[in-house]
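Below is one structure; the comments refer to it alone.
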Amino acid sequence: MFSINKALGILPNASEHGSTVDHLLELCHWFMAFLFVGWICYFFYTIFRFHKSRNPKADYHGVQSKAAAHLEFSVVLVEAVLLLGFGLPLWGKRVTGDQFPPETDAVRVRAVGEQFAWNFHYAGADGIFGRVHTSFLNGSNPLGLDPNDPAGKDDVISKNEMHLVNGKPVVIDLSSKDVIHSFSLQHMRMCQDAIPGTMIPMWFRPIVAGEYDIICAQLCGAGHYAMRAIMKVETQAEFDAWMKEQASLRPATPAPAPAPAAAPAAH
Ligand SMILES: [Cu+2]
C-alpha cells in the first residue's frame, strides 16, 4: 500500500517500538492529507459561491446550515482519538517508570551534550558509575569524573560514539553541560531534549544491527550543524570487545584539574 511516510523519506526503523510510532505518523499524515484536500476544495467553492456577481447585495443573515459546525466537531473528534487513543499511550510507555527494563537486563549509558559534541559514559566492568562533579571538569576529563572514586576507575568514556547491543534494551540518562540540546535518534524513533541541571531517562530496544547517526535536534549555537555522533548497534561479543578496548585506552586516573592561577604578587 502507498505510504505517505515513505514518500516523505522517513528513515528505516531500527527499534522494537518504532513501528507503532510509524503507524501513528502514517495515520496523522493521511488525516492531514484528507484535511488539506477538503479545505482546498472548500476554499475554491467559497470563491465561486460568494463571488460579487452572484451576491450583488450583502446578506445580513449569514449561513443558516449547521454543516460547518458538525464538520468542525468531527475534525476535533478525530484529533482527540489520535492524541488520546494513540499518542498518549505510546508516550506513556516510553516515560513511565514501571515500563523501563530492569537495570540488570539493560545496557546503561549516560549521554551528556555539550557545544558541540555528545559524550557517553558507561559504568565499566563493575556496573557502577563513578561519581561526577563539575569541579573535576577539564579538557581531558570531559564528564568531570572524580579521580578519587574507586567506582569510576573502570568507567568508559567515549566521545561522539555510542555502542549498543542488538536486541538488548538500553536505558540512556540524558543531560547537558551547557545549553539545551536534543538527543535525536531518528532510526530508533526517539528524541529527547538534553537540559542542563537535569537527568532525563529514555529507553528503547534496538533490533537492527548497523551504524546510525545521532544528531542534535535543538538549535544550540554556531556549531549546531556539526553536532553529530555515531550509534553502533552490534552483537554482545563486539560490544564487549569495544568496552575492553576503550577501558585499556583510558589513562589510569583522569588528569587533575589545573591549579588556579596564582594571585599577582603585591608590589
Ligand atoms: Cu546541540
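The values are calculated or read from the model by the stated rules, or taken from the named source; none is laboratory data. Fair warning: this is a prediction, and the values are worked out from it, not measured in the lab. No Cβ is skipped: glycine too gets one built from the backbone with ideal geometry, and neighbour counts run over all protein chains shown. Just the protein is used for accessible areas: all its heavy atoms, side chains included, with ligands, DNA and RNA removed. Shrake-Rupley method; radii C 1.70, N 1.55, O 1.52, S 1.80 Å.
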For the chain, built as a Gaussian network whose Cα springs stay under 10 Å, the top-fluctuating residue of ALA68, ALA241, ALA226: ALA68
10 Å Cβ shell holding at most 12 others, DSSP loop, trypsin sites (Lys or Arg not before Pro): longest site-free stretch of the chain: 67-267
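What are the chymotrypsin sites (Phe, Trp or Tyr not before Pro) within region 38-92 that DSSP puts in a loop, where the Cβ has at most 13 other Cβ atoms within 10 Å? Working shown, then result.
Working: sites: TRP39, TYR42, PHE43, PHE44, TYR45, PHE48, PHE50, TYR60, PHE73, PHE86, TRP91; in loops: PHE50, TYR60.
Here the chymotrypsin sites (Phe, Trp or Tyr not before Pro) that fit, given the DSSP loop and packing criteria, are PHE50, TYR60.
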SER19 paired with PHE50, simple spin-label distance in nm, labels 7 Å along Cα-to-beta-carbon: 4.8 nm
Spacing of the two label points (7 Å from each Cα toward its C-beta) at VAL95 and ARG250, in nm: 3.2 nm
Full-extension gain in nm, LEU11 to ARG228, via 0.36 nm per residue minus C-alpha separation: 76.5 nm
Alpha-carbon spread of region 103-249, three principal axes, descending order, Å: 39, 38, 25
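Counting each DSSP H run of 4 or more residues in the chain as -39500 (n - 2.57), what helix-only mean residue ellipticity at 222 nm follows after dividing by all residues, to the nearest 500 deg cm²/dmol?
When only DSSP H runs of four or more count, the value is -9000 deg cm²/dmol.
Using a 1.4 Å probe and counting only protein heavy atoms, arrange LEU145, LEU25 so the residue with the most accessible area comes first.
Descending accessible area places them as LEU25, LEU145.
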Fluctuation leader among ALA222, ALA69, ALA80 - the chain, Gaussian network, Cα springs under 10 angstrom: ALA69
Kyte-Doolittle at least -1.0, axis length at least 24 Å by Cα - qualifying DSSP helices, the chain: 18-49
Region 103-249 - percent relative contact order, Cα under 8 Å, separation 6 or more: 26 percent
Region 103-140-region 10-70 distance, computed between alpha-carbon centres (Å): 48 Å
GNM result for the chain, Cα springs below 10 Å: residue of LEU35, LEU143, LEU174 fluctuating most strongly: LEU35
Cross-link pairs LYS6/LYS52; LYS6/LYS168; LYS153/LYS177 - those with Cα-Cα distance over 32 Å: LYS6/LYS52
Measure of compaction for the chain (Cα Rg per 2.2 N^0.38 Å): 1.43
